[in-house]
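Structure first, commentary second.
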Amino acid sequence: MSFEQAYLNYTLKENYEDIKNIRYVEAVCDDKRMENSVAELRLAIEKMSGTKPEYTADDCGGENAGPVIARICLKINSQMDPEAYHVYAEGDKIMIEASDSAGILYGSFELIRQMQMEKELKTLDIKKKPDMPLRMLNHWDNMDGSIERGYAGDSFFFVNNEMVVDERIHTYARLLAAVGINGTVINNVNVKECATYLITERYWDKVRELSEVLGGYGIKLFLSLNYAAPVEMGENTSADPLDESVIKWWKDRMKKVYAAVPKLGGFLIKADSEGRPGPFTYNRTHADGANMLAEAVEPYGGTIIWRCFVYNCQQDWRDKKTDRARSGYDNFMGLDGTFRDNVILQIKNGPMDFQVREPIHPLFGGLEKTNQMLEVQIAQEYTGQQRHICYLIPMFKEVLAFRTYVRDTYDTVRDIVSGKTFHQRNCGMAAVSNMGNDDNWTGHDLAMANLYGFGRLAFEPDLSAQEIAAEWITVSYGRDELVKETIEYMLMESWPAYEKYNAPLGIGWMVNPSFHYGPNVDGYEYDRWGTYHRADHLGIGVDRSDKGTGYALLYHEPHASVYNNVDTCPDELLLFFHHVPYTWKLKSGKTVIQHIYDTHFEGVETVDEMVARFAKLEGKLPELVFKRVADRLAHQKMHSREWRDQINTYFYRKSGIADEKGRTIY
Ligand code: GCW
């Protein structure tokens with residue numbers, strides 16, 4: 001398989017004078033990240049200017065040879081924060097200063113980005129430090145090479161139960177470092193079969209090799225762990241976290257693992273969820289389970305990232321008292337303050353499962369004494385599977401900006417996961433990856449904006465979704481105005497459009513069972529009765545108020561009251577929180593049923609507009625990119641109609657209420 005360079009595809013910039021005289025990159029290289037920084041700068045400048053600057057092992061002194069930028073100097077300045085950088089012009093040089101080589105690497109990629117955007121170098125003065133300590137990707141790759149919810153080909157980490165460390169992995173590391181991602185989990189949280197053995201001798205050499213390649217780009221390697229490994233490997237009859245022999249088993253195993261792979265960051269665990277084993281089997285809590293593992297990795301500086309996606313997938317959705325939305329909160333809230341310091345709870349952005357619209361997970365603002373990480377999904381499982389365009393950064397911006405009211409100030413989700421609210425360092429944001437071995441890494445070329453955007457956002461959450469989009473377009477496809485305007489329009493309109501032709505007003509799901517693609521109102525596989533939306537001929541929506549499941553009250557005020565009251569609940573979440581008649585008037589002035597019809601027509605119209613505008617880019621984008629995107633857009637055009645027609649017909653038949661505008665509803 002070949003692969004492309006995505007946003008690291010540097011092209012010659014004929015008219016960009018600022019880089020034409022750069023002759024030297026100066027640095028004292030005493031580690032791999034420093035060496036890689038030098039190599040990245042030399043490569044980028046060579047490709048963009050036509051001349052490769054020389055490396056000199058210099059300490060950035062030397063004569064100032066005048067106002068023209070002739071050299072780039074990398075210098076450690078121990079006064080700065082970890083991973084932070086300062087890039088500035090001084091006489092004939094651009095200085096990149098940082099307290100560590102990771103900061104130097106990020107500063108180098110910052111400078112390259114500025115060059116890709118053809119910014120003036122003489123006036124450069126950029127000081128940045130990452131907002132979130134941990135900025136991670138989670139791959140759901142299986143060792144046979146398949147990827148759970150993977151829509152961009154197969155795994156590039158695993159083929160036929162063997163690990164691969166090759167040129168592509170090297171480029172992968174560069175792509176991540178260029179946007180500031182500093183951690184990655186390479187295997188699926190559903191750890192099955194061979195993957196259980198990643199913590200054994202069979203894979204150590206490769207795991208170590210990979211950890212070193214990634215480490216050279218400031219990225220820590222993590223593995224997903226099978227909670228029942230001692231049992232599944234046939235070395236113990238139990239995985240009870242309080243059993244002495246189990247505790248010892250893990251301590252011994254971790255001693256060996258870390259002796260073989262000293263740079264391993266730690267482990268991600270999915271327990272007691274969707275068939276995965278966990279401490280519940282032994283009547284123990286998730287704190288018992290997580291702490292037992294945390295103690296085993298603690299001597300080696302390891303971290304245990306424990307997922308809060310714990311719910312009973314066998315639940316009877318007809319039972320109005322059980323509510324899947326509550327389960328994360330109910331399982332973890334009582335454990336607040338009981339986790340060891342090297343445990344992080346990883347919480348999905350919403351209480352359900354990466355739907356196009358969900359409220360914010362109530363554990364954010366609930367937990368006050370526990371390290372927390374936000375988990376989002378750029379794989380687009382429920383948001384078009386990298387066949388529809390769905391730029392998710394606007395959604396992530398909303399999530400991060402959400403005030404939890406756990407404090408009077410510094411109480412947003414962003415504040416919590418960047419460690420400001422509770423003064424933590426073990427926190428951050430993780431995205432379920434959208435990468436695979438397709439030539440362009442993400443299947444849909446425009447889905448790359450989600451990977452790029454995720455990294456940029458976790459590093460600098462003050463950037464707007466639009467700024468990130470504009471930056472990505474320029475670094476990927478150059479500075480043509482029509483290209484920028486068109487793709488920016490497509491990206492920025494894509495999530496709103498997708499929401500419009502998808503499940504309405506926060507109710508979620510409505511997808512075909514198991515593969516979660518395409519419309520099917522009653523289809524969700526974990527609700528075989530087709531009742532989760534509670535739709536009948538009179539109305540729709542789930543009562544999660546105090547008269548229903550009580551979920552609305554899990555938030556701090558004023559959210560609890562706002563969500564609890566049908567009159568104040570925001571339109572976009574109305575059906576998540578309340579059951580209302582189809583004739584219910586929204587704040588927009590429309591009835592629920594008319595809203596469903598209108599939005600489904602509007603969403604399709606936006607897709608048509610995207611298709612029409614994109615057609616004008618022929619000849620302005622690389623031919624292959626144009627063709628691939630045009631093909632996917634044609635599918636989106638057809639498929640958005642399928643969504644519109646299925647949803648509208650379903651509710652027309654159910655409610656018997658005609659469209660006010662008299663449009664044909666199939
Ligand atoms: O959304 C669900 C997916 C599962 C996934 C699970 C999870 C890895 O359908 O495929 O399993 O979420 O997040 O654990």
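The values are calculated or read from the model by the stated rules, or taken from the named source; none is laboratory data. As the structure is a prediction and not an experimental result, all values here were calculated from the model. Here Cβ is always computed from backbone atoms with ideal geometry, including for glycine, and neighbour counts include all displayed protein chains. Surface areas here come from the heavy atoms of the whole protein model, side chains and all, with no ligands, DNA or RNA. Shrake-Rupley method; radii C 1.70, N 1.55, O 1.52, S 1.80 Å.
Each of 482, 580, 519 was placed along the dipole of the chain (beta-carbon charges, centred on the mean Cα), and the one lying farthest toward the positive end is 580. Averaging Cα coordinates gives a centre for the stretch 246-293 and one for the stretch 621-635; these two points are 45 Å apart.
Projecting the Cα atoms of 560, 370, 241 onto the charge dipole of the chain (Cβ charges, centred on the Cα centre) puts 560 farthest toward the positive pole.
Residues 477, 410 ordered from highest to lowest accessible area at a 1.4 Å probe: 410, 477. Distance from the Cα centre of the stretch 505-562 to that of the stretch 1-39, in angstrom? Taking the Cα centre of each part, the stretch 505-562 and the stretch 1-39 sit 50 Å apart. In the stretch 6-128, Cα pairs under 8 Å separated by at least six residues give a relative contact order of 26 percent.
Distances between placed amide hydrogens fall under 5 Å for residue 346 paired with 306, 307, 308, 373, all partners being 5 or more residues away or on another chain. Database remark: amide H of residue 376 closer than 5 angstrom to the amide H of 430, 431, 432 (H placed geometrically; neighbours at sequence offset of 5 or more, or on other chains; Pro and chain starts carry no H). Sorted largest first, the spans of the alpha carbon positions of the stretch 184-323 along the three principal axes are 52, 34, 25 Å. Note on the stretch 6-128: Kirkwood radius taken over Cα pairs, Stokes-Einstein applied at 10 °C and 1.306 mPa s, translational D equal to 113 µm² s⁻¹. Measuring nothing but protein heavy atoms, the accessible surface of the chain at 1.4 Å probe radius is 48 percent carbon and sulfur. Kirkwood hydrodynamic radius of the chain, from the reciprocal of the average inverse Cα-Cα distance over all distinct pairs: 26.2 Å. The 3J(HN,Hα) values that the Karplus relation (6.51, -1.76, 1.60; θ = phi - 60°) gives for the stretch 558-572 are, in residue order, x, 4, 3, 5, 4, 6, 5, 9, 4, 7, 9, 4, x, 3, 5 Hz. Gly and Pro appear as x. Please report the base-10 log of the normalised intensity I(q)/I(0) for the stretch 1-59, using a Debye sum with one equal scatterer per alpha carbon and no solvent, at each q in 0.20, 0.30 (1/Å). Each listed q maps to, in turn, -0.79, -1.18.
Every helix of 4 or more DSSP H residues in the chain counts as -39500 (n - 2.57), and over all residues that averages to -11000 deg cm²/dmol at 222 nm. In percent, rounded to a whole number, the relative contact order of the chain is 11, using alpha-carbon pairs under 8 Å and six or more apart. Between beta-carbons, use under 13 Å as the cut-off and find the net charge around residue 412, counting Lys and Arg +1, Asp and Glu -1. Summing Lys/Arg as +1 and Asp/Glu as -1 gives -1. The base-10 log of I(q)/I(0) for the stretch 134-466, evaluated at q = 0.07, 0.08, 0.10, 0.11 Å⁻¹, reads -0.26, -0.34, -0.55, -0.67 [Debye formula, identical scatterers on Cα atoms, solvent excluded]. Within straight-line reach of residue 397, meaning a Cα separation under 17 Å, sit the following lysines at least 8 residues removed in sequence or on another chain: 348. If you average the C-alpha positions of the stretch 363-381 and of the stretch 321-359 separately, how far apart do those two centres end up, in angstrom? Taking the Cα centre of the stretch 321-359 as reference, the centre of the stretch 363-381 is 7 Å away. Residues whose amide H lies under 5 Å from that of residue 224, counting only those 5 or more places away or on a different chain, are 186, 187, 268; hydrogens are built 1.01 Å from N in the peptide plane.
Diffusion coefficient (Stokes-Einstein, Kirkwood radius over C-alpha pairs, 37 °C, 0.692 mPa s) for the stretch 492-644: 190 µm²/s, rounded to a whole number. Its alpha carbons considered, the stretch 523-565 gives a radius of gyration followed by a Dmax of 12.9, 36 Å. The value given for the stretch 86-161 is a Kirkwood hydrodynamic radius of 15.4 Å, derived from the mean inverse Cα-Cα separation. Per-residue Karplus couplings for the stretch 240-247, computed as 6.51 cos²θ - 1.76 cosθ + 1.60 with θ equal to phi - 60°, are listed in order as 4, x, 9, 7, 4, 5, 6, 4 Hz, Gly and Pro entered as x.
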